[in-house]
Amino acid sequence: MFRKLDDFVNIWQVESQKTIQLLTHVTDETLDQNIVENHNTIGWLSWHLGVSVIGLGGLASIPFSINKNQKQIPRTADEIVNTYEIATSEFLSYVKKNWDDQELLKEIDMFGQKIPLGTLLFMIIEHQTHHRGQLTVLMRQAGLKVTGLFGPTKEEQ
């Protein structure tokens, strides 16, 4: 759980940039790549990274200028990156402008469970990290460049 807003802001800025860097290597041709039929595709995972910020941020009543549906995956990688950039920028701007350390202790309802906003912020980062890991596996399988997220990749060494 985050107790200091500055700690979240610093981590989010780094982690969202890592995600953007990774997403820029996704191509339109590889959006349907998956490990086996009926499992998550590169397109679904990439899209989910952006729209989940909107969905989870919405639990804290954060307004967004875009309203995207998880089930309506774009057919272009550029639209996916653009949506992620808008969602994460609006999310961070709202949090920085409207929240402070004390606000992080405020509890909200998350799927029937009360959690502090500081926990929601932590969960958003962890959720993103989880799906980025899944995405890197599919990207490697598709022959795409994978950027280092927590240290260099084999190709970057």
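With the structure loaded, tell me whether residue 51 is part of a loop (DSSP other than H, G, I, E, B) and β-branched (Val, Ile, Thr) or whether it fails that test.
no
Let's see how each residue does on (1) modelled with pLDDT under 95; (2) under 22 Å from residue 14 (Cβ atoms); (3) in contact with a Gly (Cβ under 6 Å, 6 or more places away or on another chain); (4) in a helix (DSSP H, G or I):
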| site | (1), (2), (3), (4) |
| --- | --- |
| 119 | no, yes, no, yes |
| 127 | no, yes, no, yes |
| 131 | no, yes, no, yes |
| 148 | yes, yes, no, no |
| 151 | yes, yes, no, no |
| 155 | yes, yes, no, yes |
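Starting from residues that are part of a helix (DSSP H, G or I) and loosely packed, with under 15 Cβ neighbours inside 10 Å, keep the ones in the range 56-83 and report whichever is modelled with the highest pLDDT. Please lay out each step first, then the result.
Let us first name the residues in the range 56-83 that are part of a helix (DSSP H, G or I), namely 56-58, 77-83.
In the following step, the residues that additionally are loosely packed, with under 15 Cβ neighbours inside 10 Å were identified as 58, 78.
Numbers: 58: 94, 78: 98.
Per the stated criteria, the residue is 78.
Within the bounds of the range 90-108, is there any residue that is closer than 15 Å to residue 22 by Cβ, within 16 Å of the chain's Cα centre (by Cα) and not charged (D, E, K, R)?
no
Cβ-Cβ under 8 Å, sequence separation 6+ or interchain: first residue in the range 48-60 and touching a residue at least 60 places away in the same chain (Cβ under 8 Å), partner of a type in the set (Gly, Ala, Ser). Which pairs?
53/87; 57/87
Identify the single condition in (1) more than 23 Å from residue 142 (Cβ to Cβ); (2) of a type outside the set (Phe, Trp, Tyr); (3) free of Cβ contacts under 8 Å to residues at least 24 places away in the same chain that residue 72 does not satisfy, given that it satisfies every other one.
Failing condition for residue 72: (1).
The values are calculated or read from the model by the stated rules, or taken from the named source; none is laboratory data. Since the structure is predicted, the reported quantities are computational estimates derived from the model, not experimental observations. Cβ sites come from the backbone with ideal geometry, for glycine too, and all protein chains shown count toward neighbours.
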